[in-house]
Structures are given as structure tokens and as C-alpha cells.
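The values are calculated or read from the model by the stated rules, or taken from the named source; none is laboratory data. All values derive from a computational prediction rather than experimental measurement. Here the Cβ positions follow ideal geometry from the backbone for every residue, glycine too, while neighbour counts run over all protein chains shown. For accessibility, only protein heavy atoms count, side chains too; no ligands or nucleic acids. Shrake-Rupley method; radii C 1.70, N 1.55, O 1.52, S 1.80 Å.
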Amino acid sequence: MNYKKELLQAIAGKNRGLLATEKDKVQILTAVERLEDHNPTADPLDKPDLLNGDWRLLYTTSKSILGLDNLPFVKLGEIYQCIRTEGSKVYNIAEIMGLPFLEGLISVAAKIDTVSSKRVNVRFQRSIIGLQKVLGYISPRDLINKIEMGKVFPAVDLNWGNFPWSDRNLLFSSDKNEGGWLEITYLDEDLRIGRGNQGNVFILEKC
């Protein structure tokens with residue numbers, strides 16, 4: 001049986017989880033567990049060639065992420081997690097859609113420390129919140145290049161310790177006092193499944 005196809009069919013049309021019913025969530029979690037049992041990459045953190053790159057969120061159980069869609073006058077756009085294995089960094093980027101020219105962006109940069117062949121600890125370092133137009137936002141890759149070059153943006157550009165939404169992190173489960181971790185439970189050439197320390201599930205496809 002093609003368990004990957006089964007999972008992709010289960011999450012199709014669910015808008016990252018926003019449209020998933022309780023019955024859908026149970027079916028999706030069952031499909032996730034079946035696919036995890038057939039993970040082709042036993043030690044995903046030993047495969048930087050597979051991990052490295054830009055990943056787009058397909059589905060999550062995280063209420064913090066899905067709750068961004070409830071902000072006044074805006075809707076949740078695409079969400080990306082961009083992994084740079086060479087520098088042990090992860091960039092989480094959420095596009096917020098609103099009125100014309102008022103589209104927003106939330107970005108969180110984190111350092112990751114490998115603790116096993118499947119799990120990393122996460123240390124948040126920097127957050128950027130602003131309008132896409134003001135930030136000159138073109139794409140996740142372009143934004144990351146600017147961040148890595150040390151650019152300071154005309155927006156809310158803060159060290160993580162001062163970030164007021166530290167409980168609304170993107171694509172990780174964490175607590176600002178205890179830190180967080182992410183375990184990669186499935187990885188192939190174009191699909192990744194992760195689980196965080198608060199029990200959230202994240203399904204992403206490689207861009």
C-alpha cells in the first residue's frame with residue numbers, strides 16, 4: 001500500500017489543518033503514523049542533502065500557527081521552514097495576506113543543536129515582523145540571504161528574548177524558558193514529518 005499517497009490524500013483540501021474536522025484529524029494522524037512506520041531514512045539528521053533547503057507547510061496540528069488565521073482583517077498565507085544545515089540554522093517564515101499592499105510577514109530565526117540522529121534542540125535568536133512591501137520581501141530565499149548578510153529591517157526586528165509572541169512560534173513546539181525540540185519522524189526527497197515537544201505534528205513538502 002502507498003502510505004505516502006494515503007497521507008497526501010487525507011490532508012488534501014484541509015488548508016494546513018484549518019478546515020480539518022475532528023474526524024479528519026484522527027484519520028490524518030493514523031495516516032501519519034502508518035507512514036512513519038515506513039520511514040526510508042532511519043537517521044534523518046545524518047542526511048544533510050535531504051534536509052537542507054526550503055520546505056512548505058502542508059498540514060499541522062499546531063493551534064498557535066493556525067491561530068494566525070484568526071487575526072483581524074488578515075488570512076494565513078504560505079508558511080515555510082528553511083533549513084540551512086551548514087550553519088545549523090532554521091528560518092521559519094509565515095506570509096500574512098491582507099488588504100492590497102498591506103500583506104505582512106512573520107519570520108523567526110533559530111539555531112539548532114543535534115542531540116540524536118532524529119532530534120534537534122531549538123534556540124530562537126531573532127524575529128522580524130512587518131509589511132512585505134516595507135521589507136522588500138520577494139521570497140523566503142531572498143529574505144534569508146538578506147538576514148545572513150546582517151541586514152537590519154525597517155520593521156519589528158528583535159532578539160528572541162524580547163519577542164512578545166514567543167508562545168506563537170512557527171513550526172516548533174517550545175517554551176521560551178525551557179527551550180524546545182523537534183524530532184524528524186519521516187524524511188524522503190520531497191516530504192518531511194516532524195513532531196515537537198508539545199505534541200504537535202508538522203507535514204512539509206520541499207519547494
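Numbers for the structure displayed
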| item | result |
| --- | --- |
| In the stretch 13-34, the residues that are without any contact (Cβ under 8 Å) to a residue 12 or more places away in the chain and open to solvent by 60 Å² or more (accessible area, probe 1.4 Å) | GLY13, ASN15, LEU19, THR21, GLU22, LYS23, VAL26, GLU33 |
| Matching residues in the stretch 53-68 - criterion: being touching a strand residue (DSSP E or B) at 6+ places or on another chain (Cβ under 8 Å) and open to solvent by less than 50 Å² (accessible area, probe 1.4 Å) | GLY53, ASP54, TRP55, LEU57, LEU58, TYR59, THR60, SER62, ILE65, LEU66, LEU68 |
| Residue in the stretch 112-120 that is open to solvent by 30 Å² or more (accessible area, probe 1.4 Å) and more than 26 Å from VAL201 (Cβ to Cβ) present | no |
| Search result, residues across the stretch 113-127 that are under 20 Å from THR41 (Cα atoms), touching a residue at least 60 places away in the same chain (Cβ under 8 Å) and assigned to a strand (DSSP E or B) | THR114, ARG119, VAL120, ASN121 |
| Total residues in the stretch 136-146, condition crowded, with 16+ Cβ neighbours inside 10 Å, touching a residue at least 12 places away in the same chain (Cβ under 8 Å) and part of a helix (DSSP H, G or I) | 3 |
| Residue check, MET149 of a type outside the set (Asp, Glu) and in contact (Cβ under 8 Å) with a residue 12 or more places away in the chain | no |
| Test set (1) out of contact with any Leu (no Cβ under 6 Å at 6 or more places or on another chain); (2) open to solvent by 10 Å² or more (accessible area, probe 1.4 Å) - LEU50 fails condition number | (1) |
| Positions within the stretch 1-28 being assigned to a helix (DSSP H, G or I) and among the β-branched types (Val, Ile, Thr), in sequence order | ILE11, VAL26, ILE28 |
| Residue check, LYS133 among the basic types (Lys, Arg), open to solvent by 50 Å² or more (accessible area, probe 1.4 Å), more than 19 Å from the chain's Cα centre (by Cα) and at pLDDT below 90 | no |
| Near pairs, Cβ below 8 angstrom, 6+ apart or cross-chain, from the stretch 179-207 (without any contact (Cβ under 8 Å) to a residue 24 or more places away in the chain and within 21 Å of PRO48 (Cβ to Cβ)) to any residue that is part of a loop (DSSP other than H, G, I, E, B) and open to solvent by less than 10 Å² (accessible area, probe 1.4 Å) | GLY194/LEU171 |
| Residues of the stretch 19-33 classified as of a type in the set (Asp, Glu) and within 9 Å of LEU7 (Cα to Cα), total | 0 |
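Results for (1) under 13 Å from the mean Cα position of the chain (by Cα); (2) open to solvent by less than 40 Å² (accessible area, probe 1.4 Å); (3) at positive phi, shown as yes or no for each residue.
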{"residue": "GLU36", "(1), (2), (3)": "no, yes, no"}
{"residue": "PRO40", "(1), (2), (3)": "no, no, no"}
{"residue": "ASN70", "(1), (2), (3)": "no, no, no"}
{"residue": "ILE79", "(1), (2), (3)": "yes, yes, no"}
{"residue": "GLY87", "(1), (2), (3)": "no, yes, no"}
{"residue": "ASN92", "(1), (2), (3)": "yes, yes, no"}
{"residue": "MET97", "(1), (2), (3)": "no, no, no"}
